[in-house]
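Peer 1: Quick one: the structure is below, questions incoming.
The values are calculated or read from the model by the stated rules, or taken from the named source; none is laboratory data. On a predicted model such as this, the values are computed, not experimentally measured, just so you know. Neighbour counts run over all protein chains shown; Cβ positions are idealised from the backbone, glycine included.
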Amino acid sequence: MFTLDVLLVFIALGFILYSLYFEVFGPSFTFLVAVLFLGIFGILEPKEILEGFGNEQVAIIIMLLLLGDVIRRTTIIEAAFDRLFRNAKSFRGFQARMMIIVAAFSSILNNTPLVAVMMPYVDNWCKRNNYSVSKFLIPLSFAAILGGSVTLIGTSTNLIVNGMVVEQKLDNLPELNMFDFVYVGIPMMIIGILYILFIGHRLLPGKDRPELVQSEATRNYLVPARIRHGSSLIGKKLNDTELRNIKGLELVEYIKKGKNILSETDDIILEEEDNLVFSGDVEKYADMLNSSSGLVVPEVGMLSKSKKSEINELIVSQNSSLIARKLKNINFRASYDAAALAIHRNGEQLKTNIQNEELRAGDVLLIYAGEAFDNRTRNSHDFYFLTRFRDFVKIDTWKIVLMLIAVVGSITLSALHIKGGLFFGLMVVLMMSLLFRITSPKELPKGIDYDLGLIIVMSLALGTAMIKTGTAELIADALLTVFQPLGAVGALFGVYFITTVLAAYITNKASVGIVFPIAIVMAENLDIANPAPFVLTVAYASAANFMTPIGYQTNLMVYGPGKYSFKDFFRIGFPLTILYMLGTVLILSFIFKLF
């Protein structure tokens, strides 16, 4: 029945879809505003809004993220990768080994920090072996997604779905278990990896021949420079210097008194404070800045006098507090002891004044870092490192072994259906990281992603509002009208399709919050005693997100560094999405006898 409460919920849903799709507000603030709106109009009580903060699955997600952050700052993953990839030299050999190993790790570790650790490794391997990195980064992201869908803890969306199951107190489905996902997850992981190895990699951009890809293995940036005071260049003609022929750098603009005169004459007389703009890759800028070229980069300023300095590439994360803010308003230098030199966006170098550019998720920043940069960014969630020169925490082997045993023990307790086993097990692991001084009480809380926690809690409240007002039932009835002729199997296809489209364009957390209550009501209306296949379909459809770079965090992480376009993800991801949908629905229908 269409009531005022239902109308208000639809307004909230419309606001969420609009805000997330057009990036009006960040995901956490969008959900907060929508839920606050429902609270003000009395649809949700304060208790119902706050109930998610006491949800066990939310706490588990936070602890897994903390554990992933602890592991990321140690040598555990790097040492494992070095050993496992040591003998991989060929294109097919490295790609296959990378996807299998990353998928396996992703089944027990959060896949976002795993990809963050792996990206610099892949980038360096491609440079050493003369392969285009664009041939490897989408497979890296997809492998992490495929592996994350194998277990309850592999991806946060599985835990969010389980949190909603617990929140709704379903009599016929108390909660999901660790390995409820393997029956679909493992077969689809194998199918997905085989698809990428034998079909998908042919759809990726880049060339396989080493002699053709050297120029594609690095990202070019536009960086301004200035003739410094006392430079040996002053008074010389441009053509009498090496500025046009600095190895690896191209002079694209020469600006004198605000006017670009590079194309007007070759007899330009160089003067102090004249501005130049070069195009080139990271390593060549490092050579220029560390040489006696007579040039300075204005943004670097006094950072050039630091005892320790380095050039790094950073990727703006999906939940970054820097999104939609201009560099000149961020106070980047004071916050991070670093200067932003250039921005690479969607595979292209930005040519505008970057200080006036609003940052977006997935932007790659070229930065010049000073001595304090490492400490100030160690626990930052604002960006991930693409090229990284950070020191890692050195840990005694026996501590690593005990930590791994504790992690395996936590997973085992969950697999044995021991109530609270995973929760207490992860708490013990985190306590061990403090006792072993792998991290400190001051550093540990810095690993919490508060934005993600808020999104999850608000999603739980939104689900409560949709079921409580009958909005979920109204939408479910409309969907059943379309899919009921195909029966329960057709309904599963409908749930999967709607969830994966929403996840592809407005983030997977939002799709779970919107579709979960609809799926539960659809199962009830079809008189299906066990709603598990509908619940699992929502989990798989939201997590297995391959079609767009914005649908999943790891896709967004590789988007800029791989110089991909939207159509690259769609070209390789759409067939994989169809395969995953067919496999998921057919396997679940067979297991739960829906045929």
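Peer 1: Would you call T500 on the phi > 0 side of the Ramachandran plot, touching a residue at least 60 places away in the same chain (Cβ under 8 Å) and either within 26 Å of the chain's Cα centre (by Cα) or buried (at least 24 other Cβ atoms within 10 Å of the Cβ) (or both)?
Peer 2: Criteria not met by T500.
Peer 1: Would the range 565-582 turn up any residue that is touching a Lys or Arg at 6+ places or on another chain (Cβ under 8 Å), surrounded by 18 or more Cβ atoms within 10 Å (Cβ to Cβ) and charged (D, E, K, R)?
Peer 2: Within the range 565-582 (the criterion being touching a Lys or Arg at 6+ places or on another chain (Cβ under 8 Å), surrounded by 18 or more Cβ atoms within 10 Å (Cβ to Cβ) and charged (D, E, K, R)), the answer is no, since none of the residues qualifies.
Peer 1: Looking at A529, A519, A543 in this structure, which one is over 14 Å from the mean Cα position of the chain (by Cα) and closer than 23 Å to I153 by Cβ?
Peer 2: After applying the criteria, what remains is A519.
Peer 1: Could you list, in sequence order, all residues of the range 403-448 that are among the small types (G, A, S), in a helix (DSSP H, G or I) and within 14 Å of I71 (Cα to Cα)?
Peer 2: Correct list: A406, S433, G447.
Conditions (1) under 30 Å from W125 (Cα atoms); (2) at pLDDT below 75; (3) out of contact with any helix residue (DSSP H, G or I) (no Cβ under 7 Å at 6 or more places or on another chain); (4) surrounded by 13 or more Cβ atoms within 10 Å (Cβ to Cβ), marked per residue:
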site: L233; (1), (2), (3), (4): no, no, yes, yes
site: E242; (1), (2), (3), (4): no, yes, yes, no
site: I255; (1), (2), (3), (4): no, no, yes, yes
site: K259; (1), (2), (3), (4): no, no, yes, no
site: D267; (1), (2), (3), (4): no, yes, yes, no
site: A286; (1), (2), (3), (4): yes, yes, yes, yes
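For (1) outside any loop (DSSP other than H, G, I, E, B); (2) modelled with pLDDT under 75; (3) within 28 Å of N346 (Cβ to Cβ), each residue gets a yes or a no:
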residue	(1), (2), (3)
P187	yes, no, no
R202	yes, no, yes
T218	no, yes, yes
L251	yes, no, yes
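Peer 1: For the range 9-29: of the residues being in a helix (DSSP H, G or I) and without any contact (Cβ under 8 Å) to a residue 40 or more places away in the chain, which is surrounded by the most Cβ atoms within 10 Å (Cβ to Cβ)?
Peer 2: The residue in question is S19.
Peer 1: Hey, another quick one. Mind checking which residues of the range 85-143 are in a helix (DSSP H, G or I), of a type in the set (S, T, N, Q), within 21 Å of I61 (Cα to Cα) and modelled with pLDDT of 85 or more?
Peer 2: S106, S141 - these are the residues of the range 85-143 that are in a helix (DSSP H, G or I), of a type in the set (S, T, N, Q), within 21 Å of I61 (Cα to Cα) and modelled with pLDDT of 85 or more.
Peer 1: If I go through the range 172-188 residue by residue, how many of them are without any contact (Cβ under 8 Å) to a residue 24 or more places away in the chain and either of a type in the set (K, R) or within 10 Å of N162 (Cβ to Cβ) (or both)?
Peer 2: Of the residues in the range 172-188, 1 are without any contact (Cβ under 8 Å) to a residue 24 or more places away in the chain and either of a type in the set (K, R) or within 10 Å of N162 (Cβ to Cβ) (or both).
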